[in-house]
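First comes the structure, then the notes that go with it.
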Amino acid sequence: MKLSVIGCGYLGAVHAAAMASIGHEVVGIDVDQRKIDALSKGEAPFFEPGLQEILTAGIAAGNLRFTTDMAEAAGAKVHFVGVGTPQQKDSDAADLTYVNGAFDGLLPYLAPGDIVAGKSTVPVGTAASLAPRVSETGATLVWNPEFLREGYAVQDTVDPDRLVAGVPSGEEGEIAASVLREVYHPSVAKGTPFIVTDYATAELVKVSANAFLATKISFINAMAEIAEVTGADVTQLADAIGHDARIGRRFLGAGIGFGGGCLPKDIRAFSARAEELGRGESVAFLRQVDEINLRRRDRAVQLVVDGLGGSVYEKKVTVLGAAFKPHSDDIRDSPALDVAVRLHGLGATVTVTDPAAIENARRIHPQLTYVEDRDEAIRDADALVLVTEWDEYRRQLPPEHASSLTDGRVVVDGRNGLDAAAWRAAGWAYYGM
Ligand code: UGA
């Protein structure tokens, strides 16, 4: 099928390449010429395992191309809109500038019978407000949220846990849903649940899923706060409660908390939207989820200060990790960099290392020192802080090896990922979270 994908950021670029990889003829459209140039050469504009391969394959096969010209959307049967919805500068609400811009740009090129599939994460009610304008062209709007995780984006797009389509009522909606089923044919044929619903439910599925995940993380971090004062072990606690299938072990990793371009801004936008709807109290707990999460960053900084005897002034602190999570070069709302910047503000000489995110980090926080080589970064450090659990820090850094690089013997484990006993045995003061 001929598809267009408007917006070639994280979501759009992966979606375009993934749709080409399952046989569709895809044009990806973005206003950013640099991004389009890179994608057209088969270069992934960000670090995402597997993306490079499917981009190159699609371009070589001739069923994937990229352009800045919206007119090239004309002729596609389905138009996916996957532009960003960042947090507004002066409030918690989502900024819909890019969504509105994408629809304004796309509408003139729609033909009767086309499907516009919104993928961006939007405040509930957005699809209903956009639908009349799409209908005027004879096209149909569906809301088809995306659940991909960075680092697993290709896999999550090609083989998702579920597909959700918010459609208008009646025959128009049925037809639209059947077209989307065709688009996602390989997943549908495999038996992936395909949930057809109304716009509001589809929009809410997305934000409530992220809200639930964020709540799970803050729940275990709240338990970590209690565990800390009682001497309990939060990792064992998570293992034990996680055995209950109703609870589940995943997303019970206590530590420095969540960051990234999705969970933090999505729970804030959800709260803001609920307040607009007069139902602020229904999700008031999300404010606490956010607060617990941000408190973890304070705690990590405090542990470094305490570990270094009350002050980090002029101490060399090496921060292991810059990305908001491993397998990503994304530094949006990264807890790692937040901690690094705060330690720097307290007078520490902060060295940051990361296998993928240094370039992005340097652009935003030029005041920090960046060292690509892990061992070089550790050399002569007074304290190490593990903030992003890349394997090269979590599994592949023996404490004896770290000891050979530095006289410092303080390690703060922001992800509870290190072997505490081994680090202690090697003479380190180990602080977990
Ligand atoms: C998240 C959701 O997991 C995806 O389903 C969703 O599609 C995506 O947002 C989105 O809205 O686009 P992502 O932001 O890529 O995906 O990352 P996650 O894997 O969810 O991790 C989010 C943060 O939580 C990371 O900072 C991670 O380190 C942290 N985390 C995760 C914990 O602190 N503890 C855990 O147990 C798990």
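The values are calculated or read from the model by the stated rules, or taken from the named source; none is laboratory data. Predicted, not measured: the structure shown is a model, and the values here were computed from it. Note that we place each Cβ from the backbone using ideal geometry, even for glycine, and neighbour counts take in every protein chain shown.
Overview of results
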read-out: Candidate set: the range 10-63, residues that are within 19 Å of residue 359 (Cβ to Cβ) and in contact with a Pro (Cβ under 6 Å, 6 or more places away or on another chain); chosen: the one farthest from the ligand (Cβ to nearest atom); value: 38
read-out: Residues of the range 304-339 satisfying the condition of being of a type in the set (A, V, I, L, M, F, W, C) and more than 16 Å from the ligand (Cβ to nearest atom); value: 304, 305, 308, 312, 317
read-out: Residues within the range 251-289 that are in a loop (DSSP other than H, G, I, E, B) and not hydrophobic (A, V, I, L, M, F, W, C), tallied; value: 8
read-out: Yes/no for residue 231 being in contact with a helix residue (DSSP H, G or I) (Cβ under 7 Å, 6 or more places away or on another chain) and on the phi > 0 side of the Ramachandran plot; value: no
read-out: Verdict on residue 123 being farther than 26 Å from residue 326 by Cα and within 16 Å of the ligand (Cβ to nearest atom); value: yes
read-out: Residue check for residue 157: within 16 Å of the ligand (Cβ to nearest atom), among the hydroxyl-bearing types (Ser, Thr, Tyr) and at pLDDT 95 or above; value: yes
read-out: Selection count where residues are more than 25 Å from the chain's Cα centre (by Cα) and either closer than 17 Å to residue 340 by Cα or assigned to a loop (DSSP other than H, G, I, E, B) (or both), scope the range 370-395; value: 9
read-out: All helices (runs of 4 or more DSSP H) inside the range 97-176 with 3 or more residues being among the small types (Gly, Ala, Ser); value: 97-106, 126-136
read-out: Flag if residue 363 is in a helix (DSSP H, G or I), free of Cβ contacts under 8 Å to residues at least 24 places away in the same chain and of a type in the set (D, E, K, R); value: yes
read-out: Given (1) crowded, with 19+ Cβ neighbours inside 10 Å; (2) closer than 18 Å to residue 211 by Cα, number of the condition residue 275 does not satisfy; value: (1)
read-out: Unmet criterion (only one of (1) within 30 Å of residue 226 (Cβ to Cβ); (2) out of contact with any Lys or Arg (no Cβ under 6 Å at 6 or more places or on another chain); (3) away from the ligand (no atom under 15 Å from the Cβ)) for residue 348; value: (2)
read-out: Selected residue (criterion: surrounded by the most Cβ atoms within 10 Å (Cβ to Cβ)) from residues of the range 222-268 that are closer than 19 Å to residue 337 by Cα and touching a Gly at 6+ places or on another chain (Cβ under 7 Å); value: 256
read-out: Filter result for residue 248 (among the small types (Gly, Ala, Ser), near the ligand (Cβ under 9 Å from one of its atoms), within 29 Å of residue 330 (Cα to Cα) and not in a helix (DSSP H, G or I)); value: no
read-out: Residue satisfying condition, being out of contact with any His (no Cβ under 7 Å at 6 or more places or on another chain) and surrounded by 18 or more Cβ atoms within 10 Å (Cβ to Cβ), within set 425, 429, 357, 421; value: 357
read-out: Scope the range 262-293; condition hydrophobic (A, V, I, L, M, F, W, C), more than 22 Å from residue 145 (Cα to Cα) and within 21 Å of the chain's Cα centre (by Cα); matching residues; value: 289, 292
read-out: Subset tally (residues that are more than 13 Å from the ligand (Cβ to nearest atom) and of a type outside the set (A, V, I, L, M)) for the range 232-245; value: 4
read-out: Residue, farthest from the ligand (Cβ to nearest atom), within the range 180-220, restricted to residues that are among the hydrophobic types (A, V, I, L, M, F, W, C) and not in a helix (DSSP H, G or I); value: 196
read-out: Residue ID - farthest from residue 355 (Cα to Cα), chosen from residues in the range 323-340 that are part of a helix (DSSP H, G or I) and not aliphatic (A, V, I, L, M); value: 338
